[in-house]
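A short write-up of the structure that comes next.
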Amino acid sequence: MSSALFRLGRFCFNRKWWVIAAWTALLAILITLVGVLQPKFAKDFDLPGTDGGVAMEQMTENFPEITKAQEEANTTIVVAALKPGDNLTKHTEQINKLVEELRTLPSIVAPQTVVGPVDAAKLIRAQIDAAVAAGKLPADQAEAMIATQTKQVLNADQTVGLIKTHQSINMIDATAKDKEELTKILERNRVNGLQVEATGGIMQAQPEQGLAEVLGFAIAFVVMIVAFGAVVAAFIPLITGIVGVGITVLALTLSTEFMSVNQAATGIVTMLGIAVSIDYALFIVSRFRSELKRGGAPADAAGRAVGTAGSAVVFAGLTVIIAVAALMVIGIPVITQMGFGAAIGVLVAVLTALTLIPALLGAAGKRTFSPKIPWIRQAEGSETSVTNGVRWGRFVVKHPIVVTIVGLAILVIAAIPATNMKLGMDVQGEDTVAAQKLMSKGFGEGVGGELFVVLHTDNGTIDAAATAAIKEIAALPDVQSPESLMWLGNGTPAGPDDQLKHTNANTALLLVTPKSGPSAPATHELVEKIRALSPSIAKQGAEIHVGGQTAILSDLSEKLSKALIPYLAVVVGLAFLIMIGVFRSLWVPLIGTVGFIFSVLATFGVTVLIFQEGALGLIANPKPILSFLPIFLIGVVFGLAMDYQVFLVSRMREEYIHGMPAKEAIVAGYRHGARVVVSAAIIMISVFSAFMLSPDTLAKMMGFALAIAIIFDAFIIRMAVVPAVIALLGDRAWGLPKWLDKLVFNFDIEGEAVRDRGLEAEPANA
């Protein structure tokens, strides 16, 4: 393989303008297609094959108007008078002004229905009194009905109320400008002791991304200037990073024309794509600098760099691709999309590193590493120079037991909080937290986390089953206002004044509000208890399913939890087998894998401490760890961990097989690899940390966790513990049993076949 990569690197160096033109053309074509087609990402979660997925499918089929309304912007405005002795009736004029402004929102539907909570309560009473007067409603039921409907908009002491707005803006098309218009209205009316907040609908619109990416690239540029001591060389990895990430994101965006792709997939793809693109480029450019110093033609130096460091890039990329691609087998569409997108992103990063990097090196020519920046010392180093990496390497091989014990002890202590880890799917943005707290205070924790219970029959009408279901659900614990439960059918309304009762309905929809919050265990139990009614409902000739965001996210958490261990086994197993071939050793992959387990557990611990427990006050709204996080973190971090293992340890093995004693080979590996591995780790940490600036909860938590994971794995495991244990093992670390050695293909990751190409007479077939 190294020979093929050598030829590829030399070809791209010599045919630089053709290669650069090809990548530029591909990028331009994708930009044009996206600009013309204007594809849109989905923002909903779909779980086909689950009970929640079936419920939503039946809702879409039988209640299309309700489904359409849910896809549009339904925003809840919360008004609260929280001063002692205060209530909303004392803020009538202010609330009326707020209502008038809300009616002017773009694409507002039925603005006359946007009313203040106190006025809404009065309208409810007037309508029910009119129904009693007309003989359409028994007088003894009137007060109970008034109380039931009123408390949906105004709490008992009239301190918290809700204003509902509906805009004919599809949530997919909602923009930051739409959100800004609403928030300005809220700010203008948040005075005189009246608290005004909003949740749902337009508040879910996300601002344009880009700050995290720009910040990540900026820090990466500074790090690479320090690594190379030259501005031009520092630019080259940035160019490949921009091209690689651009192509991946554009291709993912374009794919939404042919299939539903959730917007959540783009965050992790961008995050990972930037990190690995720059890292892989960094390794090859660094090796090219070393090969130039050895002599020969620049084209041959590029070939040797791609044939040696490029081999490591291929296998490092392969471990990441395996780790993220395996996410597709879980069977959750959004996870599949994340895994597929991330795998494509890593593949593109590998391809740009192997082809575009040597082409750019050829284009830069002699200017690549000049002019040098004089105040950056030891940017190039030498075979005899004593760098910080060499000093650390000598310390590690001199005190391997101490390094191992201290390193693992740090990780064990950091992992302790993980024992209290709670998983959930609270994805609300930070700017809706205040509204959610007010709603919980006034109407209970379950408001906003309603369950959509769908009943369906293929034989006859749903009336009997729906009535029986209401009776049984009302008797369940954790159901808020069970007396107010009623069903809506998909049949013909009984009359213009009675829209709720239907004839010939074969599907019924019940809205059930839990007493507990959406991510609370009690709510999950309620979902399962309603589903457990299936046998009794089946006796009525019908089926029952529970959907809605709360139920679907509950299903998602459960499915992810069940998949975690099998996924870990598959990923680690496959990558372990690959690493045996890469290092031709059992010990090195084993040490690396065990080290990964320590680093990922420590990452869980610190993430729980910060995001779940609220330590250090860094998070204003502590919440359960997102169910996405563990399984995705395992996949990505394992892949990246093996990256550093390959880049650092493969150089140690390269020196060992060329006759250097085991401990000296470790130090030599540090001499050649420490600077570039540290630089790559800092770049990754910076890129991931920058995503904490994102308003998206998933991106924020994932960015933090990945940054911490790189700190633990790169600096403690790869740069300390793994070399220390290898030093303890000595020569035993670099061998395979004879029977296994015969079975394992020699990948020549060290580039032995091309080590001296261009420095001697060229073979005839080169």
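The values are calculated or read from the model by the stated rules, or taken from the named source; none is laboratory data. Treat the numbers as computed from the prediction; the structure is a model and nothing was measured. Backbone-built Cβ (ideal geometry, glycine too); neighbour counts: all protein chains shown.
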**Asked** What single numbered condition from (1) in contact (Cβ under 8 Å) with a residue 12 or more places away in the chain; (2) under 30 Å from PRO111 (Cα atoms) fails to hold for GLY53?
**Response** (2)
**Request:** Identify, from the list ALA251, ALA275, the residue that is among the hydrophobic types (A, V, I, L, M, F, W, C) and either under 22 Å from GLY673 (Cβ atoms) or not in a helix (DSSP H, G or I) (or both).
**Result:** ALA275
**Prompt:** Within the stretch 64-78, is there a residue that is touching a residue at least 24 places away in the same chain (Cβ under 8 Å) and among the small types (Gly, Ala, Ser)?
**Reply:** yes
**Message:** Take ILE578 and tell me if it is surrounded by fewer than 21 Cβ atoms within 10 Å (Cβ to Cβ), assigned to a helix (DSSP H, G or I), in contact (Cβ under 8 Å) with a residue 12 or more places away in the chain and not hydroxyl-bearing (Ser, Thr, Tyr).
**Reply:** yes
**Prompt:** Which residues, counting only those in the stretch 98-143, are small (Gly, Ala, Ser), in a helix (DSSP H, G or I) and under 21 Å from ASN87 (Cβ atoms)?
**Reply:** ALA120, ALA121, ALA126
**Message:** Looking at the structure I just gave you, is GLY296 assigned by TED's automatic domain parsing to the domain that holds ALA28, in a loop (DSSP other than H, G, I, E, B) and either in contact (Cβ under 8 Å) with a residue 12 or more places away in the chain or under 28 Å from LEU577 (Cβ atoms) (or both)?
**Reply:** yes
**Request:** Just need a number here: residues in the stretch 436-448 that are within 15 Å of ALA198 (Cα to Cα) and touching a helix residue (DSSP H, G or I) at 6+ places or on another chain (Cβ under 8 Å).
**Result:** 2
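Tell me, yes or no, whether the stretch 28-47 has at least one residue that is part of a helix (DSSP H, G or I), closer than 26 Å to GLY200 by Cβ and either in contact (Cβ under 8 Å) with a residue 24 or more places away in the chain or out of contact with any strand residue (DSSP E or B) (no Cβ under 8 Å at 6 or more places or on another chain) (or both).
Within the stretch 28-47 (the criterion being part of a helix (DSSP H, G or I), closer than 26 Å to GLY200 by Cβ and either in contact (Cβ under 8 Å) with a residue 24 or more places away in the chain or out of contact with any strand residue (DSSP E or B) (no Cβ under 8 Å at 6 or more places or on another chain) (or both)), the answer is no, since none of the residues qualifies.
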**Item:** Condition met for PHE63 (aromatic (Phe, Trp, Tyr), under 26 Å from GLN204 (Cβ atoms) and surrounded by 17 or more Cβ atoms within 10 Å (Cβ to Cβ))
**Value:** yes
**Message:** Against the condition surrounded by 12 or more Cβ atoms within 10 Å (Cβ to Cβ) and within 19 Å of GLU187 (Cβ to Cβ), how does LEU105 come out, does it pass?
**Reply:** yes
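Looking only at residues that are of a type in the set (Val, Ile, Thr) and assigned to a helix (DSSP H, G or I) in the stretch 261-272, which one is farthest from LEU47 (Cα to Cα)?
The residue in question is THR270.
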**Message:** Among the residues in the stretch 407-424, are any touching a Gly at 6+ places or on another chain (Cβ under 6 Å), over 30 Å from VAL447 (Cα atoms) and modelled with pLDDT under 80?
**Reply:** no
**Request:** Answer yes or no as to whether GLU558 is within 24 Å of MET486 (Cα to Cα) and either assigned to a helix (DSSP H, G or I) or of a type in the set (D, E, K, R) (or both).
**Result:** no
**Prompt:** Name the residues in the stretch 333-351 that are modelled with pLDDT of 85 or more and among the aliphatic types (A, V, I, L, M), would you?
**Reply:** ALA342, ALA343, ILE344, VAL346, LEU347, VAL348, ALA349, VAL350, LEU351
**Message:** Here is a check on your reading of the model: is THR92 of a type in the set (Val, Ile, Thr), in contact (Cβ under 8 Å) with a residue 12 or more places away in the chain and either touching a strand residue (DSSP E or B) at 6+ places or on another chain (Cβ under 8 Å) or in a strand (DSSP E or B) (or both)?
**Reply:** no
**Request:** Would you check which residues across the stretch 1-53 are under 30 Å from ALA551 (Cα atoms) and of a type outside the set (Gly, Ala, Ser) and list them?
**Result:** PRO39, LYS40, PHE41, LYS43, ASP44, PHE45, ASP46, LEU47, PRO48, THR50, ASP51
**Item:** Flag if GLY216 is in a helix (DSSP H, G or I), within 37 Å of the chain's Cα centre (by Cα) and of a type in the set (Gly, Ala, Ser)
**Value:** yes
**Prompt:** Counting only residues that are modelled with pLDDT under 80 and assigned to a helix (DSSP H, G or I), which one in the stretch 658-674 is surrounded by the fewest Cβ atoms within 10 Å (Cβ to Cβ)?
**Reply:** HIS672
**Fill in**
Only one of SER311, SER290 is polar (S, T, N, Q), assigned to a helix (DSSP H, G or I) and surrounded by fewer than 23 Cβ atoms within 10 Å (Cβ to Cβ), namely SER290
